[in-house]
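So the structure is just underneath, and the comments pick up after that.
The values are calculated or read from the model by the stated rules, or taken from the named source; none is laboratory data. Keep in mind it's a predicted model, so treat the numbers as computed, not measured. Heads up, the Cβs are rebuilt from the backbone with ideal geometry, glycines too, and the neighbour counts pull from every protein chain shown. Just so you know, the surface numbers come from the protein's heavy atoms only, side chains and all, with ligands and any DNA or RNA stripped out. Shrake-Rupley method; radii C 1.70, N 1.55, O 1.52, S 1.80 Å.
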Amino acid sequence: MAAWVPADAMGRRVLCGTEYGTVRYVGGVPPTAGIWLGVEWDDPQRGKHDGTYEGTQYFKCRHPRGGSFIRPNKANFGVDFLTAVKGRYGLNEKQGAQNGTEDTCVFGKRTVEFVGRDSIEKKQRQLHRLVHVSVHECAVSHAGQKEEISRTCANIRHIDLSKNLLSSWDTVIDIASQLPNLETLDLSGNKMKFPSTSVSVSSAFSKLMTLALNQTEITWTEVLLCAPGWPVLEELYLTSNNITVLERPDNVLQTLKLLDLSNNQLLYGSQLHLLGHLPRLEQLILRNNGISSVCFPDAEFGCKTKMFPSLKNLAINDNKISQWSSINELDKLPSLQVLECRNNPLMDTEKNPETLRQLIIAKISQLEVLNKSEIFPEERKGAELDYRKIFGKDWLAAGGHWDPVRNKPSEEFLAAHPRYPSLCLKYGAPEEGELKGHQPLTLKNQLLTLTIKCPDNPEQKPVVKKLPESMTIQRVKGLLYHLLRIPGSELKLSYESSKLKGKEVELDNNLKPLQFYSIENGDCVLVRW
């Protein structure tokens with residue numbers, strides 16, 4: 001008896017054992033008898049050829065060895081949504097509860113918990129009470145009988161449909177249209193066919209707020225064609241797709257607060273401008289996008305761009321940014337508070353990670369968190385004072401001057417250090433004494449000559465020590481233990497500047513180096529216990 005083949009088998013997703021693929025051919029393959037399925041596999045290692053057999057090309061593959069033929073009885077064309085739900089949660093009439101393995105789904109940093117199969121009998125015995133559903137890897141391929149979902153479990157609000165056999169966006173609409181309260185939908189890992197032309201707007205996603213389309217091979221053009229059907233969408237995850245070119249989202253995605261485009265190789269970094277007019281976008285994730293530079297040409301140095309008016313959180317890890325000019329540009333973002341920028345070539349320009357961090361902090365005025373580490377006011381002040389001092393000689397050489405009338409730094413200097421004038425306004429222009437003999441950034445481990453005094457113990461004579469700028473307060477306390485035989489945990493340190501007699505600054509962070517507090521040669525470290 002011949003194996004059954006669905007009438008719409010062409011283009012359908014299939015599962016063969018543990019391997020996923022797409023049917024590209026249905027028919028005979030002479031000289032063999034019977035029907036064959038020509039399958040293009042997701043994993044090219046599973047295939048044998050490119051769709052050509054004995055000199056005849058039956059179908060095409062993107063990979064030269066990505067395809068093979070299988071008999072229809074070897075292909076699993078999947079099940080309807082409700083059958084998968086019943087099977088997953090042990091609610092089939094002839095099926096007992098099974099132990100669950102997948103009960104969470106991660107959207108960015110937020111984890112949504114789905115009801116596990118092992119707890120369904122206790123928590124949700126009736127399908128109509130289900131709110132969170134996970135049918136991850138349950139071979140869902142179609143919606144099933146008309147209106148059956150809405151009659152059975154219409155209260156579902158959150159669905160994990162990742163890694164199934166959904167072949168088209170129309171199938172997703174068929175399922176979602178029966179779930180009027182749907183808020184969260186994860187379709188990641190379903191290599192679907194999306195609309196290629198404008199389609200009538202469906203009300204299926206009228207309440208959808210979070211949508212994950214990672215690894216679905218969707219393009220940005222297809223996103224924009226589907227987007228009119230997402231009127232209240234706030235979070236959109238599009239990682240690892242075929243998105244290389246962006247277009248401006250006009251009249252769509254206007255409610256979006258989070259967009260994740262990671263692992264899409266954008267052809268041009270300047271395309272980011274096309275996303276700059278999403279009015280509510282607060283978080284933009286651009287990890288591993290091949291971005292080599294960032295620029296907002298609509299704003300002059302020291303001014304804010306009109307693009308990304310609400311953007312607070314930006315992740316640009318694992319890109320190709322190599323110039324400080326891109327960091328300067330980020331200061332133009334009017335609302336930026338959180339930045340992740342690890343694993344860019346720029347990060348290799350400074351041997352000392354702490355120095356690198358201080359430079360970024362000084363260059364971006366509103367930043368509150370850098371690479372997941374909070375920036376406290378004391379750290380910002382130290383970074384800005386150091387920056388003002390470090391580049392003071394360059395400022396003077398470029399035409400900078402303490403006299404406001406004669407202060408005319410060159411365009412080249414302002415392009416490299418656009419925040420320098422505002423730092424001078426904030427702290428005053430650097431004095432000549434501050435700049436005298438200052439070493440460049442690459443010599444941050446220079447020695448400081450400091451006097452160590454114990455003001456509350458006059459019998460303890462002052463000691464002069466040479467300490468590296470990079471020495472942490474914790475290590476200074478360790479050195480003092482050998483000198484005074486007082487445990488470091490009992491020591492309280494402060495310092496008095498040689499220029500500001502009588503004014504003490506507390507050294508209150510054990511993890512910070514001396515240079516963080518802008519201590520200079522000739523200053524006095526005060527020790528109390």
With everything on Cα atoms, drop me the angle between helix 377-390 and the longest principal axis of the chain, reported from 0 to 90° to the nearest 10. 70
Residues in segment 318-351 near a label at LYS306, defined as backbone nitrogen under 17 Å from the 7 Å Cα→Cβ point? 332-335
In degrees rounded to 10, the 0-90 angle between helix 353-363 Cα long axis and the longest Cα principal axis of the chain is 90
So for R0 = 35 Å, FRET eff. of GLU368-THR255 from the Cβ-Cβ r, to 0.05, ends up at 0.90
So which lysines can LYS477 reach, going by Cα to Cα under 16 Å and dropping same-chain residues fewer than 8 places off? LYS453, LYS465, LYS466, LYS492, LYS512
Report the antiparallel proportion of the DSSP beta bridges in segment 447-528 as a percent, rounded to a multiple of 5. 85
Students sometimes get this wrong: rank ILE35, ILE316 by accessible area, probe 1.4 Å, all chains present, largest first. ILE35, ILE316
Which entry in (i) 1.32; (ii) 1.37; (iii) 1.22 matches Cα Rg over 2.2 N^0.38 Å derived from the coordinates of this structure? (i)
Note down the nm distance, to one decimal, between modelled labels 7 Å out along Cα→Cβ at ALA7 and at ARG406. 9.1
Note the full-extension length gain between LYS499 and LEU447 as 0.36 nm times their separation in residues minus their Cα-Cα distance, in nm to one decimal. 16.8 nm
Need the C-alpha centroid separation for segment 332-381 versus segment 208-267, integer Å. 28
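Which number comes out as Rg/Rh for segment 214-332 once both Rg and the Kirkwood Rh are worked out on C-alpha atoms?
Dividing the radius of gyration by the Kirkwood radius yields 0.95.
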If every alpha-carbon in segment 447-528 counts as one equal scatterer, what log10 I(q)/I(0) does Debye give at q = 0.14, 0.18 1/Å? -0.40, -0.68
Sorted by accessible surface (1.4 Å probe, heavy atoms of the protein chains only), largest first, GLU368, GLU183 come out as GLU368, GLU183
How much of the DSSP beta bridge set in the chain is antiparallel, as a percent to the nearest 5? 55
Rounded to the nearest 500, what is the 222 nm mean residue ellipticity of the chain from helices alone, with -39500 (n - 2.57) per DSSP H run of 4+ residues and division by all residues? -5000 deg cm²/dmol
Provide the solvent-accessible area of ARG71, counting protein heavy atoms only and rolling a 1.4 Å probe, rounded to the nearest 10 Å². 80
Out of the total accessible area of the chain (probe 1.4 Å, heavy atoms of protein only), what percent is carbon and sulfur? 49
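What FRET efficiency, computed as 1/(1 + (r/R0)^6) with R0 = 56 Å and r the Cβ-Cβ distance, is obtained for ASN155 and SER489, rounded to the nearest 0.05? Don't jump to the answer; show the numbers that get you there.
On the way: r = 57 Å, r/R0 = 1.02.
The pair ASN155/SER489 has a calculated efficiency of 0.45.
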Could you sort PHE296, PHE69, PHE301 by accessible area so the largest value comes first, with the probe set to 1.4 Å? PHE301, PHE69, PHE296
With point charges of +1 on the Cβ of Lys and Arg and -1 on the Cβ of Asp and Glu, referenced to the Cα centre of segment 378-427, which listed residue (GLY392, TRP402, PRO418) lies farthest in the positive direction of the dipole? TRP402
Could you tell me the relative contact order of segment 447-528? Use alpha-carbon pairs under 8 Å, at least six residues apart, and round to a whole percent. 41
Need one value: the accessible area of LYS426 in square angstrom, 1.4 angstrom probe, rounded to the nearest 10. 110
VAL199 accessible area, nearest 10 Å², 1.4 Å probe? 80
Classify segment 12-74: rounded, prolate or oblate, from the alpha-carbon gyration tensor (a ≥ b ≥ c, eigenvalue square roots; a/c under 1.5 rounded; otherwise prolate if a/b is larger than b/c)? oblate
Among LEU435, MET471, TRP220, whose Cα projects farthest towards the positive end of the dipole of the chain, with charges put on the beta-carbon of Lys, Arg (+1) and Asp, Glu (-1)? MET471
Return one whole number: the accessible area per residue of the chain in Å², for a 1.4 Å probe. 50
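Can you give the FRET efficiency to the nearest 0.05 for ASN181 and LYS74, using r as the Cβ-Cβ distance and R₀ = 30 Å?
0.15
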Work through the residues other than LEU166 whose Cβ is under 11 Å from its Cβ and net out their charges, Lys, Arg +1 and Asp, Glu -1. +3
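Find, to one decimal place in angstroms, the Kirkwood hydrodynamic radius of segment 371-427, where the mean of 1/r is taken over every pair of different Cα atoms and then inverted.
Roughly 12.2 Å, rounded to one decimal.
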Could you tally the net charge around LEU213, taking each other residue with its Cβ under 12 Å from the Cβ of LEU213, Lys/Arg +1 and Asp/Glu -1? -4
Given an 8 Å cut-off on Cα distances and at least 6 residues of separation, report the relative contact order of the chain as a percent. 6
Kindly state, as a whole number, the per residue volume in cubic angstrom of the convex hull around the alpha carbon atoms of segment 120-278. 109
